[in-house]
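Comments concern the structure below.
The values are calculated or read from the model by the stated rules, or taken from the named source; none is laboratory data. Just so we're clear, the structure is a prediction, and the values are computed from it rather than from any experiment. Because the Cβ atoms are built from the backbone with ideal geometry, glycine has one as well, and the counts that use them run over all protein chains shown. Ligands, DNA and RNA are excluded from the accessible area calculation, which covers all protein heavy atoms including side chains. Shrake-Rupley method; radii C 1.70, N 1.55, O 1.52, S 1.80 Å.
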Amino acid sequence: MTERKAVSELRVGIAGLGSIGTKIATALDQGIEGLALSAVAVRDPAKHQAFVNGLRRLPKIVPIDQLGDVADIVVECAPSKHLREIVEPAVRRGKSAVVVSVGGLLDNFDLVDLARANGGRIIVPTGALIGLDAVNAAAVGTIHSVRMVTRKPIDGLKGAPFIVENNIDINNLREPLKLFEGTAREAAKGFPANLNVAVALSLAGVGPDRTQVQIWADPTVTRNVHRIEVEADSARFSMSIENIPSENPKTGLITALSVIALLRKQRAPLCVGT
């Protein structure tokens, strides 16, 4: 009889308990093979105390920059302005950081070098997109062009810096309005809470300066709609997805599920997809 080797659980820390973080914390508490929720970091612990107390295994509540001390994997689910203070301590300690606010990574790309130097990892989940496996595979060869068209309901775009800075009124739209056309890097700056998908796509493929993006405010849709077209030497393909918004209209329900699926792969005996 073969003796089964005991494997210790990987400790997971979550920064931010908004619409994404609470779903990930709940999934971990209900059980993901080989993983345990060890800690959370939030701006206002009292606001989230009832949720934390409702978990079966109470995690520690720690400052953001201490998550790397008490977790093997740190999951960033906070506003992008906090990305560095979450990710840097983790990768400096050789830990893994799952980055949801991937748009913020473009302004902090030295963190990749820091992770490399210290044996850490920065992991970007597929999030609200589809088919990043295909884009990754095509990028092993030569990708000629990548284009993404995003259409969102009005509520999902309100307050975006690009809209505010250009004094664009989208409140009374009766037909679709193209707000933006440019690169993924530019889109991430103008729509930091909306276009993490474009940055994830760009990092999987040809980079943020060659990935072309259109953004539409569309009163005729109720879901966040993304269509991607890729032209490569190995294949030509297009993909589309219509995401149901979460309680936060800027974020699709599938974003949290994508992170949960990624975490399940960390200790799964069978992994499907690259």
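Write out, first by first residue and then by second, each pair whose Cβ atoms fall under 9 Å of each other, whose residues are 6+ apart or on separate chains, and whose first residue, in segment 148-159, is under 7 Å from D218 (Cα atoms) and in contact (Cβ under 8 Å) with a residue 60 or more places away in the chain while the second is outside any helix (DSSP H, G or I) and of a type in the set (K, R).
Sorted first by the residue in segment 148-159, then by its partner, the pairs are R151/R223; R151/R227; K152/R223; K152/K250; P153/R223.
Out of curiosity, is L203 open to solvent by less than 60 Å² (accessible area, probe 1.4 Å) and in contact (Cβ under 8 Å) with a residue 24 or more places away in the chain?
In short, no.
Can you tell me which residue is surrounded by the fewest Cβ atoms within 10 Å (Cβ to Cβ) among those in segment 177-192 that are of a type in the set (K, R) and within 23 Å of the chain's Cα centre (by Cα)?
First, pick out the residues of segment 177-192 that are of a type in the set (K, R): 178, 185, 189.
Next, only the ones that are within 23 Å of the chain's Cα centre (by Cα) stay: 185, 189.
Working: R185: 21, K189: 16.
That would be K189.
Being of a type in the set (G, A, S), over 15 Å from A71 (Cα atoms) and not in a helix (DSSP H, G or I) is the filter here, so list the residues in segment 11-25 that pass it.
The answer is G18, and nothing else.
Select from segment 215-238 the residues that are under 27 Å from R174 (Cα atoms), aliphatic (A, V, I, L, M) and surrounded by fewer than 21 Cβ atoms within 10 Å (Cβ to Cβ) and list them in ascending order.
Result: V221, V225.
If you check V140 against the conditions, is it at pLDDT 95 or above, surrounded by 21 or more Cβ atoms within 10 Å (Cβ to Cβ) and closer than 24 Å to E229 by Cα?
Answer is no for this residue.
Out of all the residues in segment 45-64, which are assigned to a loop (DSSP other than H, G, I, E, B), open to solvent by 40 Å² or more (accessible area, probe 1.4 Å) and touching a residue at least 12 places away in the same chain (Cβ under 8 Å)?
Selection gives R56, R57, P63.
Considering only residues that are open to solvent by less than 10 Å² (accessible area, probe 1.4 Å) and within 17 Å of L83 (Cα to Cα), look in segment 13-33 and name the one that is nearest to the chain's Cα centre (by Cα).
G21
Could you tell me which numbered condition L179 fails, if it satisfies all but one of (1) part of a loop (DSSP other than H, G, I, E, B); (2) closer than 26 Å to H226 by Cα?
Just one mismatch for L179, condition (1).
Just give me the residues in segment 162-176 being surrounded by fewer than 16 Cβ atoms within 10 Å (Cβ to Cβ) and not in a loop (DSSP other than H, G, I, E, B), in sequence order.
If the condition is that a residue be surrounded by fewer than 16 Cβ atoms within 10 Å (Cβ to Cβ) and not in a loop (DSSP other than H, G, I, E, B), then V164, E165 are the ones that fit.
Within segment 34-44, is there a residue that is more than 21 Å from L83 (Cβ to Cβ), touching a residue at least 60 places away in the same chain (Cβ under 8 Å) and open to solvent by less than 70 Å² (accessible area, probe 1.4 Å)?
Among the residues of segment 34-44, at least one is more than 21 Å from L83 (Cβ to Cβ), touching a residue at least 60 places away in the same chain (Cβ under 8 Å) and open to solvent by less than 70 Å² (accessible area, probe 1.4 Å), which makes the answer yes.
Looking only at residues in segment 244-257 that are touching a strand residue (DSSP E or B) at 6+ places or on another chain (Cβ under 9 Å) and open to solvent by less than 30 Å² (accessible area, probe 1.4 Å), which one is farthest from H226 (Cα to Cα)?
S246
Yes or no, residue by residue, for (1) polar (S, T, N, Q); (2) part of a strand (DSSP E or B); (3) more than 15 Å from N194 (Cα to Cα):
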position	(1), (2), (3)
K81	no, no, no
V87	no, no, yes
A90	no, no, yes
G104	no, no, no
D113	no, no, yes
I130	no, no, yes
A134	no, no, yes
S145	yes, yes, yes
T150	yes, yes, no
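I'd like to verify a number: residues in segment 65-84 that are within 18 Å of the chain's Cα centre (by Cα), surrounded by fewer than 23 Cβ atoms within 10 Å (Cβ to Cβ) and at pLDDT below 95, how many?
4
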